[in-house]
Amino acid sequence: MSEQNIRVRFAPSPTGPLHMGGVRTALYNYLLAKKHGGKFILRIEDTDQTRFVPGAEDYILESFKWCGIEFDEGVHIGGPFAPYRQSDRKELYKQYADDLIKNGHAYYAFDTADELDTLRQQFETEKKTFIYNAEVRAGLNNSLTKSEAEVRGWLESGKPYVIRFKMPESEEIKMQDIIRGEVVVNTKVLDDKVLFKSDGMPTYHLANVVDDHLMEITHVIRGEEWLPSMPLHILLYRAFGWDIPAFAHLPLLLKPDGKGKLSKRDGDRLGFPVFPLEWTDPKSGETTRGYREDGYFPDAFINMLAFLGWNPGDERELFDIDSMAEAFSLERVNKSGARFDPDKARWFNHQYLQMKNDRELAEAFLPFLQKKGIITDLDYVQKVVSMVKERVNFVYEMWDQASFFFQAPDGYDEAAVKKRWKQSSYNQMEELKEILAQTEPFTSEHTEEVVKQWMEEKEYGMGAVMNAFRLLLVGALKGPHLFDIAELIGQEETLMRIQTGLHELGRKD
RNA sequence: GGUCCGUUCGUCUAGCCAGGUCAGGACGCCAGGUUUUCAUCCUGGUAACACGGGUUCGAAUCCCGUACGGACUACCA
């Protein structure tokens, strides 16, 4: 296989919002293509008309746009193998199913859903495993058991039928998976899967194999849930006489606690998003949170996701998407499921937040201020942001750390008052106010110098004075360097807050 | 039930393919340091090869079995 010609695809079903596991699958496909200069294709697999959800396709597109994952070909941009939506390729599949019938690898089956249901129940009561295989099909109505004339008659009369794959009775299928190595399955435990449905649409199995072949896909990279159908797919390629692509089945994303794969319920229960973007169900109107709306940076989200099942083999953890592609290889993808850790996700966002420049962060913070009714300019916000960014994981957390830069405290933390507003505080703050009123220029550095000198002369305790002062400016015992705060809010505001505080807190006896 | 896949600190993982390291890193947690406060940050600590056999001078690493977990088992993808 020539590395230059690598072609991979992500093939979601538009049945709802894209799960973060799906995003990771797409990401790994993207990284492989990017690394080898190959092509990455987006194909929509909407062969089940009953599960179609309006808006899902747009959601998928918007999610990847947000993540920074770009496609070379796809339903939204076209390409040399268009169309890329299976419902638009509908006419194509029948002929391939017919080819399989002609060469003896498939057959018409006329069983109704009811008939199959009773058959399954019957097997169950007899404690037997129901497999629609050679033994079973011999006793049913299909083109293998009935005469050609009878079958033709049924077909012409419009009797509903499906086309099933004729699974070999007993044959060892040896397969190679890039991540798992050799996998061997005997066809006797496999069933005659439906390839073509009675509604005129192919099933996933047929459409997927046909399209992957037609679109010249070289690597099929998908979730572990597809591993059991790999033998069927291999057999289909063989039946068609086509080259078989390389397969790689990715490990599952597991819930943070307990057992099983990560689901929407876990996010609701534990308080984190499972989808990249917020999603409103068109039927129920129910809204589900997304990473974007929860304040995650797309690059942090992608970085976190990539490390759930892959690592570069050294100790680096922070990668932009380009260097990630450079370092990526399927051989370094793990076999076992990766449990999602919301704490680590937050940590990634913290790292990325520190890497953003103050201008970007200020722009991101501005809408939160506007929502609070704060009118201010970007330069001021930028200064604020530079002081508080290292204390937060998310932009929205900045308000909590910076509100006092924009408005005087509307109260004083009770525990802090109890601890730091002492008998001497009132007089000290009164003195401090007089001193600060005369301090010129009112820069952080100069103010600090003046205040410290005064404290030394009066032999006031650093802790006592500074904490009382902080209480008056901030309303609580938190925040950045106090003199930086004073400088930024300005002399007038500083004096006013001291005055207000003296009035509010009063003398303590 | 059947088939397949998996199993290293609480979590993500390195090491396994080409047996020999005090089993390494990160998140979390704990402690100490820095600091006028909180947070950040720095330093240190905590903690793992699922179990049982075998092969070997020597096994996390190779083989077999057991247990546990997961996925799949539709005219869904």
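General observations
- On full extension, the segment bounded by A:Asp117 and A:Lys371 gains 85.7 nm, given 0.36 nm per residue less the C-alpha separation.
- The range A:293-360: trypsin sites (Lys or Arg not before Pro) falling in loop per DSSP and having at most 14 other Cβ within 10 Å: A:Arg316, A:Lys335
- Dipole check for the range A:408-509: with +1 at the C-beta of Lys and Arg, -1 at the C-beta of Asp and Glu, and the Cα centre as origin, the magnitude is about 580 Debye.
- Overall, the range A:1-116 carries a charge dipole of about 580 debye about its Cα centre when +1 sits on the Cβ of Lys and Arg and -1 on the Cβ of Asp and Glu, all other atoms neutral.
- The heavy atoms of A:Asp257 present about 60 square angstrom of accessible area, all protein chains included, probe 1.4 Å.
- Accessible-area composition of chain A, carbon plus sulfur, in percent [1.4 Å probe]: 47 percent
- In the complete set of protein chains, residue-level accessible area for A:Tyr96 is approximately 40 Å², probe 1.4 angstrom.
- For the range A:90-169 and the range A:374-418, distance of Cα centres in Å: 69 Å
- Rounded if a/c under 1.5, otherwise prolate or oblate - chain A, Cα gyration tensor axes: prolate
- Put simply, the amide H of A:Gly223, placed in the peptide plane, has neighbours under 5 Å in A:Leu250, leaving out anything fewer than 5 places away on its chain.
- Cleavage-rule hits (GluC sites (Glu not before Pro)) in the range A:196-271: DSSP loop, at most 16 neighbouring Cβ within 10 angstrom: A:Glu216
- Relative contact order, percent, the range A:90-196 [alpha-carbon distance under 8 Å, six or more residues apart]: 31 percent
- Rounded to the nearest whole Hz, the Karplus-based 3J(HN,Hα) values (6.51 cos²θ - 1.76 cosθ + 1.60, θ = phi - 60°) of the range A:488-496 follow the sequence 5, 7, x, 4, 4, 5, 4, 5, 5, with x at glycine and proline.
- Flagged links, alpha-carbon separation over 18 Å, of A:Lys146/A:Lys166; A:Lys159/A:Lys193; A:Lys34/A:Lys344: A:Lys159/A:Lys193; A:Lys34/A:Lys344
- With respect to chain A, whose longest principal axis is taken over its alpha-carbon atoms, helix A:462-474 is tilted by about 60°.
- Distance from the range A:302-359 to the range A:16-64 (C-alpha centre basis), Å: 20 Å
- Burial order of peptide ranges A:15-26, A:435-446 (average beta-carbon count within 10 Å, highest first): A:15-26, A:435-446
- Database remark: amide H of A:Phe247 closer than 5 angstrom to the amide H of A:Ile178, A:Val220 (H placed geometrically; neighbours at sequence offset of 5 or more, or on other chains; Pro and chain starts carry no H).
- Computed about its Cα centre, the charge dipole of chain A is approximately 1380 debye, with only Lys, Arg, Asp and Glu carrying charge at their Cβ.
- Gyration tensor (alpha-carbon) shape descriptor, the range A:90-196, a/c threshold 1.5: oblate
- Rounded to 5, percent antiparallel among DSSP beta bridges of chain A: 55 percent
- Here the Karplus relation 6.51 cos²θ - 1.76 cosθ + 1.60, evaluated at θ = phi - 60°, turns the backbone of the range A:362-371 into coupling constants of 4, 5, 6, 7, 3, x, 5, 5, 4, 4 Hz, with x for every Gly and Pro.
- For chain A, the relative contact order is 12 percent, taking Cα pairs closer than 8 Å that sit 6 or more residues apart in sequence and dividing their mean separation by the residue count.
- Measuring against 32 Å, Cα to Cα, the residue pairs A:Lys371/A:Lys478; A:Lys127/A:Lys197; A:Lys90/A:Lys128 contain A:Lys90/A:Lys128 as the ones spanning a longer distance.
- 5 angstrom amide H check on A:Phe196, placed H, neighbours 5+ away: A:Ile163, A:Thr203
- Accessible surface, the range A:264-355, averaged per residue in Å² (probe 1.4 Å): 48 Å²
- Straight-distance crosslink candidates among aspartates and glutamates, where the alpha carbon sits under 14 Å from A:Lys458 and sequence neighbours closer than 8 are dropped: A:Glu430, A:Glu431
- In order along the range A:379-389, the Karplus-derived 3J(HN,Hα) couplings, from 6.51 cos²θ - 1.76 cosθ + 1.60 at θ = phi - 60°, round to 4, 5, 4, 4, 5, 4, 4, 5, 8, 10, 4 Hz, and Gly and Pro are given as x.
- Residues A:Arg339 and A:Glu171, FRET efficiency given R0 of 22 Å [Cβ-Cβ distance, rounded to 0.05]: 0.05
- Simple rule: put +1 on each Lys or Arg Cβ and -1 on each Asp or Glu Cβ in chain A, find the dipole, and look at A:Phe297, A:Met201, A:Ser13; the Cα lying farthest toward the positive end is A:Met201.
The values are calculated or read from the model by the stated rules, or taken from the named source; none is laboratory data. Computed from a predicted model, the values in this text were never measured in an experiment. Here Cβ is always computed from backbone atoms with ideal geometry, including for glycine, and neighbour counts include all displayed protein chains. Keep in mind that these areas ignore ligands, DNA and RNA; they rest on the heavy atoms of the full protein, side chains included. Shrake-Rupley method; radii C 1.70, N 1.55, O 1.52, S 1.80 Å.
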